[in-house]
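The values are calculated or read from the model by the stated rules, or taken from the named source; none is laboratory data. It should be emphasised that the depicted structure is a prediction, and the values quoted were computed from it without experimental measurement. As a convention, Cβ positions derive from the backbone with ideal geometry for all residues, glycine included, and neighbour counts pool all protein chains shown. Just the protein is used for accessible areas: all its heavy atoms, side chains included, with ligands, DNA and RNA removed. Shrake-Rupley method; radii C 1.70, N 1.55, O 1.52, S 1.80 Å.
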Amino acid sequence: MLISPRVESIPIGLQTFRIAAMRIDLVTLFPEMFSVVRDLGVTGRAHGNQLWSLHTHSPRDYTEDVHRTVDDRPYGGGPGMVMMAEPLTRALSVIRTQRATQDLAGQDQDTQEQDAQEQDAQEQATQEHVAQKQATTGQAPVVLLSPIGKPFDQAQAQRLAHSAGAIFICGRYEGIDQRFIDQHVDEQWSLGDFVLSGGEIAALAMIDAAVRLLPGALNHGQSSAQDSFQESLSGLLDSPHYTRPENLNGQAVPAVLLSGNHANIARWRREQSLAITLANRPDLLEQARARGLLTKADERYLLTLVAP
């Protein structure tokens, strides 16, 4: 059973306005696969707290034949089957109607709770916030998971988390009728240069990456800020982490982490981040340098790592 998305209250002076939490719609032949992000771990807790909502739609529910056919042989011959455009188009039409209805319901509730003067303040605040939220609920982008898509990264996860959500199309078989893609798909995203049996696993990863960035999703508000690729780390890789016991089979926790000197700890973590990134993803260092995110102290430390 689907739950209504939480409504986020945004204070503006003495007024507040609401905008729906992130809503994810998925067109998939295997809706049961998404119980993982709906019910378990960080994403499951966030879903239970109505920080986001999940809605799955099987193309088989939008067929018109007794066999509930969603695929057919490809024109021109060749192996495999191709997903038909018509069931996908019908599913998408229903999703857009649902999202638009949800959006209007939220607007009506706000209107009933405010007088005319408050509505003026709300409209201005809403326009500013929606610019950050990407689009209204009913206008969420249609995203196809595809090998030809733009590689999904932390920046894209951040944009998704700050938006009203997306409509994911999870393909199967040899692919989807190109006419559906040409007419309805806004963006194509890829998890990497490899091929999966369908878009579901890629969508699961992308949803997890975005949901954990939602305010309140993690137990500590700053946890995600320390993740690899985050702007707070200049887009670099994270530093190592340690916990009890202090000594594990002769391997001790670095002394600086036990010192209580927060400035020294911060510098150690930054240097570790630089060293790990240089060793494993030097391309990220170049990107950070090009964006002016490396300090003089960073550059001096890097020179010690490459010096003969």
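Within segment 193-222, how many residues are loosely packed, with under 15 Cβ neighbours inside 10 Å and not hydrophobic (A, V, I, L, M, F, W, C)?
8
What helices (runs of 4 or more DSSP H) lie completely within segment 194-308 and have 1 or more residues being among the acidic types (Asp, Glu) and under 24 Å from the mean Cα position of the chain (by Cα)?
Fully inside segment 194-308 and qualifying: 200-211, 282-290.
In segment 135-177, which residues are among the basic types (Lys, Arg) and farther than 22 Å from residue 194 by Cβ?
The one that is among the basic types (Lys, Arg) and farther than 22 Å from residue 194 by Cβ: 159.
Taking residue 161 as the residue in question, decide whether it is more than 23 Å from residue 288 (Cβ to Cβ), within 13 Å of the chain's Cα centre (by Cα) and either touching a residue at least 24 places away in the same chain (Cβ under 8 Å) or open to solvent by 60 Å² or more (accessible area, probe 1.4 Å) (or both).
When the stated conditions are applied, residue 161 does not pass them.
Confirm whether residue 156 is assigned to a helix (DSSP H, G or I), over 18 Å from residue 96 (Cα atoms), in contact (Cβ under 8 Å) with a residue 12 or more places away in the chain and in contact with a strand residue (DSSP E or B) (Cβ under 8 Å, 6 or more places away or on another chain).
The answer is yes for residue 156.
Mind listing whichever residues of segment 43-63 are open to solvent by 50 Å² or more (accessible area, probe 1.4 Å) and without any contact (Cβ under 8 Å) to a residue 12 or more places away in the chain?
48
Count, please, the residues in segment 180-192 that happen to be open to solvent by less than 30 Å² (accessible area, probe 1.4 Å) and part of a helix (DSSP H, G or I).
Residues meeting the conditions: 3.
I'd like the full set of residues that are among the hydroxyl-bearing types (Ser, Thr, Tyr), free of Cβ contacts under 8 Å to residues at least 40 places away in the same chain and within 20 Å of residue 306 (Cα to Cα), limited to segment 230-289.
Of everything in segment 230-289, just one residue is among the hydroxyl-bearing types (Ser, Thr, Tyr), free of Cβ contacts under 8 Å to residues at least 40 places away in the same chain and within 20 Å of residue 306 (Cα to Cα), namely 239.
Looking only at segment 164-179, which residues are in contact with a Leu (Cβ under 9 Å, 6 or more places away or on another chain) and open to solvent by 20 Å² or more (accessible area, probe 1.4 Å)?
Matches in segment 164-179: 172, 176, 177.
Just one of (1) open to solvent by 60 Å² or more (accessible area, probe 1.4 Å); (2) in a helix (DSSP H, G or I); (3) modelled with pLDDT under 95 trips up residue 100, so point out which.
Residue 100 satisfies all of (1) open to solvent by 60 Å² or more (accessible area, probe 1.4 Å); (2) in a helix (DSSP H, G or I); (3) modelled with pLDDT under 95 except (1).
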